[in-house]
Amino acid sequence: MTCEIDDETLYNLMKDMPDFACMPIPQSWYKKFGIPPRNPIGVKEYIESGYAMKRAIEKKDLPPLIIDTPQQGGKLAIFIPEEKVQVDVISRPFVLEENTPFPAILRSLKDDTLLEQVQTLKMD
């Protein structure tokens, strides 16, 4: 079900709203209804204007939001239990023979017998 409303009807409904100047409107409305263009300001000017702080501390007609009863019957979020991951720490002595430069790439543990020992312990 779609509802077709023409631009004039929609504009007449929106123009009297207090925050009409902040609402996004189609580009064609500026010329069609004689709305003055909205000129954006830079970040520095916006911060210096203090607009956000003025709006934050101004008196509002809204009542305070008080939630004093459990919502949704006190439904709690169900957390998925953490997955147990086995971590093996393999350390091996690093021996650097004299008069040899430090290697740019260390050899892999895949070639080491320590890795084979750990893998055989897992299987037992």
query: Do you know which residues across the stretch 46-57 are more than 26 Å from the chain's Cα centre (by Cα) and either among the acidic types (Asp, Glu) or surrounded by fewer than 10 Cβ atoms within 10 Å (Cβ to Cβ) (or both)?
result: 48, 54, 57
query: For the stretch 1-34, which residues satisfy the criterion of being over 25 Å from residue 55 (Cβ atoms) and either among the small types (Gly, Ala, Ser) or within 31 Å of the chain's Cα centre (by Cα) (or both)?
result: 26, 27, 28, 34
- request: Tell me which of these residue 60 doesn't satisfy, since it passes every other one: (1) touching a helix residue (DSSP H, G or I) at 6+ places or on another chain (Cβ under 8 Å); (2) loosely packed, with under 10 Cβ neighbours inside 10 Å; (3) not in a helix (DSSP H, G or I).
  value: (1)
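Computed from the coordinates by the stated procedures, all read-outs in this text should not be read as laboratory data. Everything numeric in this text was worked out from a predicted model, so none of it was measured. Cβ: placed from backbone, ideal geometry, glycine included. Neighbour counts: every protein chain shown.
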